1. Could you list, in sequence order, the residues of the range 228-245 that are out of contact with any Asp or Glu (no Cβ under 8 Å at 6 or more places or on another chain) and under 20 Å from Q74 (Cα atoms)?
2. Need the failing condition index for A212 against (1) within 16 Å of L123 (Cα to Cα); (2) modelled with pLDDT under 95; (3) more than 19 Å from the chain's Cα centre (by Cα); (4) of a type in the set (G, A, S), just the number.
3. Do any residues in the range 65-79 that are outside any strand (DSSP E or B) have Cβ atoms under 6 Å from those of residues that are surrounded by fewer than 18 Cβ atoms within 10 Å (Cβ to Cβ) and not hydrophobic (A, V, I, L, M, F, W, C), where the two are at least six apart or on different chains, and which pairs are they?
4. From the list E186, E170, E204, exactly one residue is over 18 Å from S76 (Cβ atoms), charged (D, E, K, R) and in contact (Cβ under 8 Å) with a residue 60 or more places away in the chain. Which is it?
5. Within the range 96-137, which residues are crowded, with 20+ Cβ neighbours inside 10 Å and over 14 Å from the mean Cα position of the chain (by Cα)?
6. If you scan the range 163-177, which residues turn out to be among the charged types (D, E, K, R) and either closer than 12 Å to I146 by Cβ or in contact with a Ser or Thr (Cβ under 7 Å, 6 or more places away or on another chain) (or both)?
7. Which residues, taken from the range 172-200, are touching a Gly at 6+ places or on another chain (Cβ under 9 Å) and among the acidic types (D, E)?
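The values are calculated or read from the model by the stated rules, or taken from the named source; none is laboratory data. Just so we're clear, the structure is a prediction, and the values are computed from it rather than from any experiment. Positions of Cβ are backbone-derived with ideal geometry, glycine not excepted, and every protein chain shown enters the neighbour counts.
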Amino acid sequence: MNQKARTRTQELRKQQQEAARRQTQRRRLVTALSAVVIVGLLAAIVWAVVDAAGGDDTPGATGDVTPPGNLSSQGSIPVGSDDAAVTVDLYYDYMCPACGAFEAANGEELTGLVEDGTVRVELHPMNFLDPTSNGTDYSTRAANAIATVADAAPGAVWDFHSALYANQPEEGTEGLSDEEIAGIAEDVGVPADVVDRFADRTFEAWVDSMNAAANQDGVTGTPTVLVDGEKFEGDLYSTGPLTEAIEAAAGGR
């Protein structure tokens, strides 16, 4: 094979490799988007069942509900300074793949905005995807754990929240075991005596009530994100759009 033919062969091979790479990327994107669509449909079905069976209870509305301490005035778990320029409300379920995709795209950005005092995040954990964890109620167990940390070690809430998503199980599985949830909490610095309280399941009824509260707030699926009380309608799954909206809100003050 002469040099000209060899060069042409190399160019063709590069073109083929690039085409294969693009095809793989497209396949992965279609798979991811399909998963989000399926989750959205399932969430809508489960949400309708929860809404039909639930009622209009709000957190702390009955004697059976024990809310964690250190909640904000609106009954959610606060992360960040009271004096932050912008408040971001996040409604989510720890089993929700779409919420995991949101976290992957925006988690680090929100961490920086919390640390520099721009944002105060209000966490609204929910458990309407419990039926997708094969009877283990993973959403409730994870949300009860975050509520326990909010109650007794509030400074560790955000790191624990982020770590739960970094170790998010696939929907349709049993989810993380109680021991695995405890290990993740310990790894991010939650004190052992607080981790031991996860097993008490003190805040499970409060987690149940958060679904009804979200319904009252007009939430119809997760993740739902509000920026200073207004629903964010931009791209939740790419890094940048939410940050830009937050910075615009902060600049308008």
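1. D228, E230, K231, F232
2. (3)
3. Listed by first residue and then by second, the contacts come to T66/T202; P67/G60; N70/P154.
4. Details: E186 fails: in contact (Cβ under 8 Å) with a residue 60 or more places away in the chain; E204 fails: over 18 Å from S76 (Cβ atoms).
Among E186, E170, E204, only E170 is over 18 Å from S76 (Cβ atoms), charged (D, E, K, R) and in contact (Cβ under 8 Å) with a residue 60 or more places away in the chain.
5. If the condition is that a residue be crowded, with 20+ Cβ neighbours inside 10 Å and over 14 Å from the mean Cα position of the chain (by Cα), then L113, T118, V119, R120, D130, T132, S133, D137 are the ones that fit.
6. Of all residues in the range 163-177, those among the charged types (D, E, K, R) come to 170-171, 174.
Result: E171, E174.
7. Residue satisfying the conditions is E174 alone.
Listed here are the residues, each with its yes/no results for (1) farther than 23 Å from D200 by Cβ; (2) without any contact (Cβ under 8 Å) to a residue 24 or more places away in the chain; (3) part of a strand (DSSP E or B).
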position	(1), (2), (3)
F102	yes, no, no
G112	yes, yes, no
R120	yes, no, yes
R141	no, no, no
I146	no, no, no
D151	no, no, no
